[in-house]
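Worksheet: the structure to be examined is printed underneath.
The values are calculated or read from the model by the stated rules, or taken from the named source; none is laboratory data. All figures in this text were calculated on a predicted structure; none of them were measured in a lab. Every residue, glycine among them, receives a Cβ derived from its backbone with ideal geometry; neighbour counts consider all protein chains shown.
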Amino acid sequence: MASPLPTPVVTDDGDMYASAAKIYPHEVDGRFQRLRKAALFWLLGMFYVVPWLSWDGRQAVLFDLPARQFHILGLTFWPQDFIYLSMLLMMAAFSLFFFTALAGRLWCGYACPQTVWTETFLWIERWTEGTRNQRMKLDAAPMSWDKFRRKAGKQALWIAFAAWTGFTFVGFFTPIRELGASILSFQVGPWEGFWMLFYGGATYGNAGYLREQVCKYMCPYARFQGAMFDRNTLVISYDAARGEPRGARRKSADPKTLGLGDCTDCTVCVQVCPTGIDIRNGLQYECIACGACVDACDAVMDKMGYARGLVRYSTQNAIEGKPSRVLRPRIFVYSAILLALGVGFSVSLASRVPLIVDVLRDRNALYRETSAGIENAYTLKVMNKDGHEHHYEIAVESPVPLSISTPSGAHHDDDDEDDDGGHRRRLRHFEVDAQHLRELPLTLTAAPGTARGRIDVVFVVTNETDRGVTYRQKSAFFAPP
């Protein structure tokens, strides 16, 4: 792999480093580019369409930060569900390790947001300014009406697309229809306005002007990817043994007679590269594995009547004629970890109970002695994570009989004896609105002489209509020693 440091260039004015020249990538067609375009359309479609979809009367995907609720299709996640975000981040990290070890920077070439929006801005640029040669001539030409018209049209489309991108991004956090109405009525909040301008401006600057500079100098992945490669990683490679010595020739000429390899030195592989590198110089950290040079070289090989694959996905060992093994231990380890995380995530999500209960003891008094016995005060926080109102039954399991009462005067049902010889008291008809938290003060009372010291108790909250939705929370009851 080439050195990640830029090559010093002494320019005419004595500067050690030349400023980056603008890259004009040539458009190319081929199997990798068609796959790449399909991925880009799919990703852009999800980003721009999903916020407009509805699910059960609300936006299908909405990250409601003020309410601390994340709505994703039919599921609602709360801060207490942070474990799911942690598992998703772990799966994303190991997926990156897996795909990088297997086939290099697939993420960069096919799914990275910088790549997706840069390609979109390039499509707009090609549509307004023409092909690669036409764009180069237009930039070199003096200002004219035609140049102004094309440049202004490109900028207008860039700004409109970036603004729509910023609007869509904020639409994931503020209901997008409400956001659109507030824009039309000039009543956008300061935070919504800031993030629309910030994200839209970042899209305009990164995809319109910085482009490959983000991949080269700003993205940390470009710097540490070398530590994730080995000689059996599939990367875009130039077969120097077959292509050298390179040189121009007629299609009818025999390269062996001319003492040449299969490379015609047409430089099309350089012209199509979005980062402007020459893959014939070996793998470089700027390569984003988009496969444009592979498609371009294959097209040239087809025209010349040569076999495809002069530039191809291959391993360093295979290019050097050594034994190569793509499926190696690290690939199986990453696969096993990903499978375990995926199964664990799926099982946990499928068995997720849409109910959270927290039991808080009264901090002012450990216990109170009354004529009715020993009292302990609690506050139950019951969070209904479902999209519908539910009625719940609250039970207390303990080794001694305890009565339950609330400030409203509700009392427990008759005492039941559980399988372990303990006692269970129930309190019915406790309703909680959909996706709301309700606090319920409770008092547990032990008859005189029936309780001493610390007694472990369990609060059990059960959905009265769906008995399978149950949450158990441990606590303690205190009495004089």
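Remarks
- For the condition surrounded by 14 or more Cβ atoms within 10 Å (Cβ to Cβ), touching a helix residue (DSSP H, G or I) at 6+ places or on another chain (Cβ under 9 Å), over 25 Å from TYR24 (Cα atoms) and not aliphatic (A, V, I, L, M), ASP239 qualifies.
- Criterion violated by ALA241 - all others in (1) among the hydrophobic types (A, V, I, L, M, F, W, C); (2) touching an Asp or Glu at 6+ places or on another chain (Cβ under 9 Å); (3) within 30 Å of ARG58 (Cα to Cα) satisfied: (3)
- Qualifying residue in region 371-391 (condition: under 22 Å from GLY468 (Cβ atoms), outside any loop (DSSP other than H, G, I, E, B) and in contact with a Ser or Thr (Cβ under 9 Å, 6 or more places away or on another chain)): yes
- Scan of region 217-269 for residues that are more than 31 Å from the chain's Cα centre (by Cα), farther than 15 Å from LEU310 by Cβ and in a helix (DSSP H, G or I), ordered by number: LYS256, THR257, LEU258
Residue by residue, here is whether (1) free of Cβ contacts under 8 Å to residues at least 60 places away in the same chain; (2) not aliphatic (A, V, I, L, M) holds:
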position: PRO142; (1), (2): yes, yes
position: LYS151; (1), (2): yes, yes
position: LYS154; (1), (2): yes, yes
position: TRP158; (1), (2): yes, yes
position: TRP164; (1), (2): no, yes
position: VAL170; (1), (2): yes, no
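- With respect to the conditions (1) buried (at least 21 other Cβ atoms within 10 Å of the Cβ); (2) outside any helix (DSSP H, G or I); (3) in contact (Cβ under 8 Å) with a residue 12 or more places away in the chain, ILE277 falls short on a single one, namely (3).
- Boolean, ASP295 is of a type in the set (Asp, Glu), within 29 Å of GLN213 (Cα to Cα), out of contact with any His (no Cβ under 9 Å at 6 or more places or on another chain) and modelled with pLDDT of 95 or more: yes
- Leading residue by the ranking (surrounded by the fewest Cβ atoms within 10 Å (Cβ to Cβ)) among those in region 317-336 that are among the aliphatic types (A, V, I, L, M) and not in a loop (DSSP other than H, G, I, E, B): ALA336
- Qualifying residue in region 152-173 (condition: exposed (fewer than 15 other Cβ atoms within 10 Å of the Cβ), part of a helix (DSSP H, G or I) and among the basic types (Lys, Arg)): no
- Where ASP81 falls short, out of the listed (1) charged (D, E, K, R); (2) crowded, with 16+ Cβ neighbours inside 10 Å; (3) at pLDDT 90 or above: (3)
- Taking the listed residues VAL272, VAL300, the one that is at pLDDT 95 or above and within 35 Å of the chain's Cα centre (by Cα) is VAL272, with no other qualifying.
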